[in-house]
Amino acid sequence: MVDNIAIASLPLPEFAKVRYSGWQLDELTPATENTKTTYFLKNTISGIEVSGQSTTYQHLSENMIAQGVIVMGMKQAQMVYGPLVNKLIGSVISKRADRLSAQNYEQFNTGIFVYIPDQVKFDDVLHLTLNHLAMSGQDFVARIFVCVGAHAKVTILQEMHTIGSEKTKASVVIEVLAKVGAQVTYANIDSLGEQTTAFINREVLVKDHATVDWQNAEFNDGNVVMRVASQLNGEGATSHANVIGLTIKKQTQGLVTTVLNKGRHTVGHIFQRGVILNRSTLVFNGIGQIIKGAKGSDAQQESRVLMLSRRARGDANPLLLIDENDVTAGHAASVGRVDDEQMYYLMSRGISERVARKLVIRGFMGEVLMKMPTRAAQQKVMSEIERKLQYEDD
Amino acid sequence: MTTLKVENLHVSVAGKEILKGLDLIVNTGEIHAIMGPNGTGKSTLSQTIMGHPAYQVTQGNIYIDGQNLAEMSVDARARAGLFLAMQYPSEIQGVTNTEFMRAAINARRPEDDQISVMSFIEKLDEKREFLAMTEEMAERYLNEGFSGGEKKRNEILQMMMIQPQIAILDEIDSGLDIDALKVVSRGVNSMRSNEFGALMITHYQRLLDYIVPDFVHVMMDGKIVKTGDANLAKKLEAEGYAGLRDELGLDVHLTDEETNSYFVED
Ligand SMILES: Nc1ncnc2c1ncn2[C@@H]1O[C@H](COP(=O)(O)OP(=O)(O)OP(=O)(O)O)[C@@H](O)[C@H]1O
Ligand SMILES: [Mg+2]
């Protein structure tokens, strides 16, 4: 089944300035772990929690059920809605996009499937919680597909966690299809564990007059390469891709955020903010591409990283590829530092060193933080910041 | 009453002795001014009091109300009542002015009695308007892209928000235009009370016309060489440091002496 030779001949996905070929993300043994425990969702929150291969929590509001919303574990969806699921998977991120995505396509054995029919609108946030069970030492290979129908309006909050502390790898591919006029806010809080080395690839296909906004918080503790991409295919399609990242200890997080303006009058904005502590590395690559014919389009990007340690390494690389004249585009990037002199200044007003650091970090990420869709999600990001700061003196 | 007491202070920077036995007492209710030639150690004194890590105390002590500062971290010193308006304030990306000042106020209050957002905003608006600062400036990252004069004004805003017992103002007047100088002076004067004392470092008599000091100290070569009242500053302005040095019979070299006499001869 697995066409190893063909997959091996595909190139690794490109994460400029991140050396990750040694992470061996292309050698995965999919885990088959199960659990009965629900770790995060409770109290009739709308959504689903999948841990390893088990779906332990599933709840939809009356309103969602009445409107025909489908949310289920990927394996179950393949059984119940086989033809639909199989047609959709691979339609946003091609089966052979790159070596790691292709491998995910061949090997995934868990995940989540979401289908939102045309015209459906709901106000409560749909939670998709995906937990990697790292108890057996095998790897997590998961796929998520979210199909949002024409003129539907939804807000999704996806979280990823590692449960257990075995050294493992994870490959998660997330495809989102936003049909004509759909309005989607897709927030992600990724907090995979220190011992999880991961490849995460998420991409949305945005049709005519649809809007998809990403709010991504990369708070993983291990080595991660993460790509988030918006293909603006339809006339007037819009996407804001906001990403924040915080790295600690000796970890590396290498991120690529891509917006491809294909349709006319498409708008793609990338906004990235990262903070780097200890000896860690954080790389932001921003790619804005406007193809010939995408007249009246707009591609903007801003990436800034802040280093709170002398031994940290940070990079912000903006790339604009423009093949059309009738467009607007711009980019800004910076790598800054908070040094001893600045800490002294903050502390000279009575603020403790710990609070001073927290201020810098929270302030720097504030704009994306405030866009998290629920109070709980904002709180979660703040507590992730606090949690990461505890390692600060290591 | 709060007292800042500097006793026989010797300080070295990068292995070089800058302060050479300095004594000074500042009480709340008093305004002190320190004047002195460039490079004489005025900023060194203020940074040492605040606890900047580059400045090594090699002899002597500094106390605030009997507590020895040597045992206190920078933030603890501030919470004990000290404030330093710096000659060159840092710019800090990521932290808005507002958030910064709120954290500074809250650092002085117990965890279960933090200032409410409403009363904080009210206070900020009041002080900000007093200093003719725009709302937009309060929302910007701390000092980032501020002009020289705006930074100085922002230092005074922080002082007015924090309401310290003893404030050291290091050249708060440099880089200010005439109107701004009046605004900033008004800010400092508004703090004058029995609960507030200040040590102002300045090069110009003009500031002391607006904020009339109770004491004027002249510093040369790492020591206070003369103390007087406001008239001492006027005399200095007229006669320069060389005159005072010769009067006191000090053996101190002044960097700009040759240049000055050159101009005189011209
Ligand atoms: N961090 C430092 N590293 C090295 N030398 C320093 C440092 N800080 C001060 N010095 C030196 O110490 C001496 C006193 O400097 P200081 O800044 O205290 O002078 P000042 O009286 O404030 O002068 P000005 O009127 O020009 O502000 C100078 O020779 C200066 O070069
Ligand atoms: Mg100075």
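The values are calculated or read from the model by the stated rules, or taken from the named source; none is laboratory data. All values reported here derive from a predicted model rather than from experimental measurement. Don't worry about glycine lacking a Cβ; one is built from the backbone with ideal geometry, like all the others, and counts go over all protein chains shown. For accessibility, only protein heavy atoms count, side chains too; no ligands or nucleic acids. Shrake-Rupley method; radii C 1.70, N 1.55, O 1.52, S 1.80 Å.
How do the peptides B:237-246, A:104-113 rank, highest first, by the average count of neighbouring beta carbon atoms within 10 Å per residue?
Working: B:237-246: 14.9, A:104-113: 21.8.
In descending order of packing, they fall as A:104-113, B:237-246.
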(request) Have a look at region B:135-178 and report residues whose accessible surface goes down by 40 Å² or more when the remaining protein chains are included, against the chain on its own, probe 1.4 Å, ligands and DNA/RNA excluded. (result) B:TYR141
(message) Spelling out what I want: for every residue of region A:116-133, take phi, set θ = phi - 60°, compute 6.51 cos²θ - 1.76 cosθ + 1.60 (Karplus), and round to whole Hz; glycine and proline get x.
(response) 10, x, 3, 6, 6, 10, 9, 8, 6, 7, 8, 9, 10, 10, 10, 10, 8, 8
(request) Express the accessible area of chain B per residue in Å², computed with a 1.4 Å probe while the remaining protein chains stay in the model. (result) 45
(message) Checking an interface number: how much accessible area is buried between B and A, summed over both chains, with a 1.4 Å probe, in Å² rounded to 100?
(response) 2100
(message) Can you give me the distance in nm between label points at A:GLU341 and B:GLN114, each placed 7 Å from the Cα along the Cα-to-Cβ direction?
(response) 3.1
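Quick check: from the Cα gyration tensor, does the protein assembly as shown come out rounded (a/c under 1.5), prolate or oblate?
Working: a/c = 2.60, a/b = 2.47, b/c = 1.05.
Verdict is prolate for the protein assembly as shown.
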(message) I want to check the label-to-label distance for B:VAL212 and B:ALA70. Put each point 7 Å from Cα in the C-beta direction and report it in nm to one decimal.
(response) 4.1
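Quantify, in whole percent, the carbon and sulfur part of the accessible surface of the protein assembly as shown (1.4 Å probe; protein heavy atoms only).
C and S atoms contribute 48 percent here.
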(request) Mind listing the long-range amide H neighbours of A:GLN158? Cut-off is under 5 Å, sequence gap 5 or more, other chains count too, H placed in the peptide plane at 1.01 Å from N. (result) A:LEU128, A:ALA187, A:ASN188, A:ILE189
(message) Only protein chains counted, 1.4 angstrom probe. Which residues of region A:342-359 are at least 40 Å² less accessible in the assembly than when their chain is isolated?
(response) A:GLN342, A:TYR344, A:TYR345, A:LEU346, A:MET347, A:SER348, A:ARG349, A:GLY350, A:ILE351, A:LEU359
(request) With r as the distance between the Cβ atoms of A:GLN378 and A:ALA8 and R0 = 25 Å, compute the FRET efficiency 1/(1 + (r/R0)^6) and round to 0.05. (result) 0.05
(request) Find how many whole Å separate the alpha carbon centroid of region B:1-57 from the alpha carbon centroid of region A:358-380. (result) 41
(message) Given a Förster distance of 60 Å, report the FRET efficiency between B:ASN8 and A:SER136 from their Cβ-Cβ distance, rounded to the nearest 0.05.
(response) 0.30
(message) Taking the alpha-carbon distance from B:LYS127 and a cut-off under 27 Å, which lysines remain once sequence neighbours fewer than 8 residues away in the same chain are dropped?
(response) A:LYS358, B:LYS151, B:LYS152, B:LYS182
(message) Calculate the FRET efficiency for B:THR134 and B:SER193 from the Cβ-Cβ distance with a Förster distance of 35 Å, rounded to the nearest 0.05.
(response) 0.80
(message) With just the Cα atoms defining each centre, how far is region B:93-172 from region A:240-309? Give it in Å.
(response) 32
(request) Figure the gain on full extension for B:TYR204 and B:ASP251 (residue separation times 0.36 nm, minus the Cα-Cα span) and round it to one decimal in nm. (result) 14.5 nm
(request) Just tell me how shielded B:69-79 is by partners: mean number of partner chain Cβ atoms within 10 Å of each residue's Cβ, no decimals. (result) 4
(message) I'd like to check one number: the per residue accessible area of region A:1-152, probe 1.4 Å, reported in Å² as a whole number.
(response) 46
(message) Probe radius 1.4 Å, ligands and nucleic acids left out: which of A:SER280, B:SER147 has the largest accessible area, and how do the rest follow?
(response) B:SER147, A:SER280
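Ranking request for peptides B:181-188, B:51-58: highest mean number of other beta-carbon atoms within 10 Å first, then the rest in descending order.
On the way: B:181-188: 19.6, B:51-58: 16.1.
Ranked by mean Cβ neighbours within 10 Å, highest first: B:181-188, B:51-58.
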(request) At 1.4 Å probe size, with no ligands or nucleic acids counted, give the accessible surface of A:GLU341 in Å², nearest ten. (result) 80
(request) Could you sort B:96-105, B:72-81, A:169-178 so that the peptide with the highest average Cβ count within 10 Å comes first and the rest follow in order? (result) A:169-178, B:96-105, B:72-81
(message) Give me the count of lysine pairs in region A:141-283 whose alpha carbons sit under 20 angstrom apart, restricted to pairs 8 or more positions apart or on different chains.
(response) 9
(request) Could you please report the charge total around A:ALA152, scoring K, R as +1 and D, E as -1 over all other residues with beta-carbon less than 12 angstrom from its beta-carbon? (result) +3
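Could you compute the net charge surrounding A:VAL368? Neighbours are other residues with a C-beta less than 14 Å from the C-beta of A:VAL368; K and R count +1, D and E count -1.
Result for the neighbourhood of A:VAL368: -1.
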(message) Once you place label points 7 Å from the Cα toward the Cβ at B:GLU126 and A:LEU319, how far apart are they in nm?
(response) 5.6
(request) Compute log10 of I(q)/I(0) for region A:4-337 with the Debye formula, placing one identical point scatterer on every Cα and leaving out solvent, at q = 0.08, 0.12 Å⁻¹, to two decimals. (result) -0.35, -0.81
(message) Can you compute the charge dipole magnitude of chain A about its Cα centre, using +1 on each Lys and Arg Cβ and -1 on each Asp and Glu Cβ, nothing else charged? Give it in debye, rounded to the nearest 20.
(response) 260
